[in-house]
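Readers should treat all values here as calculations from the given coordinates under stated rules, not as data from a laboratory. Keep in mind it's a predicted model, so treat the numbers as computed, not measured. FYI the Cβ positions are ideal-geometry reconstructions off the backbone, even for glycines, and counts take in every protein chain you see.
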């Protein structure tokens, strides 16, 4: 049972709860999410509490992450994209902490659930749509009309509309699949270590090979965890930029 | 504060030195470029998502209008086109980002402080 690499993705209720026929139990996933929010909030509020001109290490970390997200927004969405700074910063930190928390052995990986990543991606796209209509009114629909002769538009407008609605899908699937694949791979190789170790004879010595591989994959997963959070946030900025400035393609 | 307050001039010099070190470090390991698997994953999801959304939209229209399978077929093809469009845009985006990362500007203006 412990050898099943998919076991780690199982959601188990901690406090069973049913409201109006819906299962809204507090699960192991909810617990990790609460922990993520608590740790991120504590880290950021504690690290900037001293407000020194020459920052301590902790304050420096908070300042660097601020500047990192700021640079990301300004390069992708320009200066008026900064009004979405709280949104993008929160999103980036939530995904980043989820990915990092998931790397701690035994901790549930929140972003390995399509329900979570799709909810985040849907939030992004809804924000884009609302912003677009608030800023440009009905003119926001020009986003779907490329510069082309009229007969071609009958073909191109549906393509643009489909392309727009692929965004929440590709955004969420990329994050979810990366985390799912990485963690499954880790568990599969860990299974090899146990199986080889218990085999006896020369095979026991061979168990060191998948063990070394796990170390290497863990390092790679650390990179992937950061990169995927970064990609998620950058794409959010790029989509927001389109809603703000309506670039013709 | 117990120790003396650093002059703005000192801070600026420190920043210039930091920038130099950062640039040297950045030149040493040209990271920031996505891994080949990341690129493949990106393109793969964009393409699949296009086809899936196109197909789903077509199926939905057919279900509403009772015209199965006309729109399913049409939208599936358009969805594939949208997938290709997505991949092309993603590729363009990546090229632009790689070009931007290659430059790398200093975070503080050298001597005059104009902002």
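At-a-glance table
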quantity	calculated
Long-range Cα-Cα pairs in the protein assembly as shown (distance over 29 Å), rounded percent	54 percent
Rounded D (µm²/s) - region B:33-103, Kirkwood Rh over Cα pairs, Stokes-Einstein at 37 °C, 0.692 mPa s	246 µm²/s
Using distinct alpha-carbon pairs, which all enter the 1/r mean, Kirkwood radius of region A:84-130 in Å	11.5 Å
Near-label residues of region B:40-72 by backbone N, under 17 Å of a point 7 Å along Cα→Cβ of residue A:181	B:40-50
Contour excess over end-to-end distance, with Cα ends at residue A:37 and residue A:64 and 0.36 nm allotted per residue	7.8 nm
Pairwise label distance in nanometres, residue B:59 with residue A:199, each label 7 Å out on the Cα-Cβ vector	4.3 nm
Average Cα contact separation per residue, region A:7-245, under 8 Å, 6 or more apart, as relative contact order %	24 percent
Residue A:24 versus residue A:135: modelled label distance in nm, points set 7 Å from Cα along the beta carbon direction	3.4 nm
Rg/Rh (Cα only; Kirkwood hydrodynamic radius) as it applies to region A:152-207	1.52
Rel. contact order, % - alpha carbon contacts under 8 angstrom, at least six apart, region B:33-103	36 percent
Computed label-point distance, nm, for sites residue B:100 and residue A:142 using a 7 Å Cα→Cβ extension	2.3 nm
Nearest-0.05 FRET efficiency for residue A:238 and residue A:207, computed from C-beta distance (R0 56 Å)	0.80
Exposure proxy ranking, count of Cβ atoms within 10 Å, fewest first, for A:34, A:193, A:39	A:34, A:39, A:193
Region A:25-104, relative contact order [Cα under 8 Å, separation at least 6], %	33 percent
Backbone N under 14 Å from the residue B:37 label point (7 Å along Cα→Cβ), restricted to region A:204-239	A:213-228
